[in-house]
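For reference, the structure is listed below as structure tokens.
The values are calculated or read from the model by the stated rules, or taken from the named source; none is laboratory data. Given the structure is predicted, the values throughout are model-derived calculations rather than measurements. Glycine gets a Cβ as well: all are built from the backbone with ideal geometry, and neighbour counts include every protein chain shown. Areas reflect the complete protein model, heavy atoms only, side chains present, ligands, DNA and RNA absent. Shrake-Rupley method; radii C 1.70, N 1.55, O 1.52, S 1.80 Å.
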Amino acid sequence: MSSNIPFTSENLDIYLKALAKEYKKLGGKGMPAEIILIGGAAILANYGFRESTYDMDALITASSAMHDAINHVGDEYGLPYGWLNEDFIKTKSYTPKIRQYSVHYKEFGRILEIRTVRGEYLLAMKCLSCRFDNESSSEINDIKFLLNYLNIKSVKEAEDIIKKNGGN
């Protein structure tokens, strides 16, 4: 899901904090939740090289109250329906083992743990989902940054990381 409202490192935590508050209010108080940020949102949370993203892909583990909380926060902040979504599950970069490739980012309201995917897995996901025919795509810029950040100097090293992190 894409929107015209950019998500930035400045507003990311604002939306997540509001989400935790709304989730708790809607009945999630006794049921902790976990969200693993994927793609551009993970990059915003962990690295300073990208200014924004237009979607927030995530893996959401929570009670059904979370979906209502997401919609309420979206309405409150003028975000589009599905501003936080699990659409990436339908892509070839998804694996049910994604949690083992994630790390703790922050906790909000003592009810919502936010995790992000590690750099190596993020690189593998970006490579698997990238359209390499569009050199101006954000995926290619993300891949270039991650290759540099992870100090990967050869195609062989990149291939090994992709294979190790769920690639074919």
TODO: In whole Hz, with x marking every Gly and Pro, tabulate ³J(HN,Hα) for region 95-104 from phi via Karplus 6.51 cos²θ - 1.76 cosθ + 1.60, θ = phi - 60°.
DONE: 9, x, 8, 4, 4, 5, 9, 10, 9, 4
Open item on the list: Give the lysines whose C-alpha is closer than 21 Å to that of LYS25, dropping any in the same chain fewer than 8 places away, or say none.
Closed with: LYS17, LYS106
Task: 1.4 Å probe accessible area per residue over region 1-60, in Å² - done: 46
Task: Residue-averaged 222 nm ellipticity for the chain, from DSSP H runs of 4+ at -39500 (n - 2.57), nearest 500 - done: -12500 deg cm²/dmol
Task: Shape call, region 39-95: gyration tensor on alpha carbons, a/c limit 1.5 - done: oblate
Open item on the list: Based on Cα coordinates alone, diagonalise the gyration tensor for region 70-118, multiply each eigenvalue by 5, take square roots, and list the semi-axes in whole Å, largest first.
Closed with: 23, 18, 7
Open item on the list: On a straight-distance basis, which lysines could pair with LYS92 in a cross-link, Cα separation under 26 angstrom, same-chain partners fewer than 8 positions away excluded?
Closed with: LYS126, LYS144, LYS153, LYS156, LYS163, LYS164
Task: In nm, spacing of pseudo-spin labels at TYR54 and HIS104 (7 Å Cα→C-beta vector) - done: 3.6
TODO: Could you order peptides 89-98, 114-123 by the average number of other Cβ atoms within 10 Å of their residues, highest first?
DONE: 114-123, 89-98
Task: Fraction of accessible area attributable to carbon and sulfur, region 1-145 (%, probe 1.4 Å) - done: 49
- [ ] Please compute the Cα-Cα pair-distance distribution of the chain with 10 Å bins starting at 0, giving whole percents from short to long.
- [x] 10, 39, 34, 13, 3
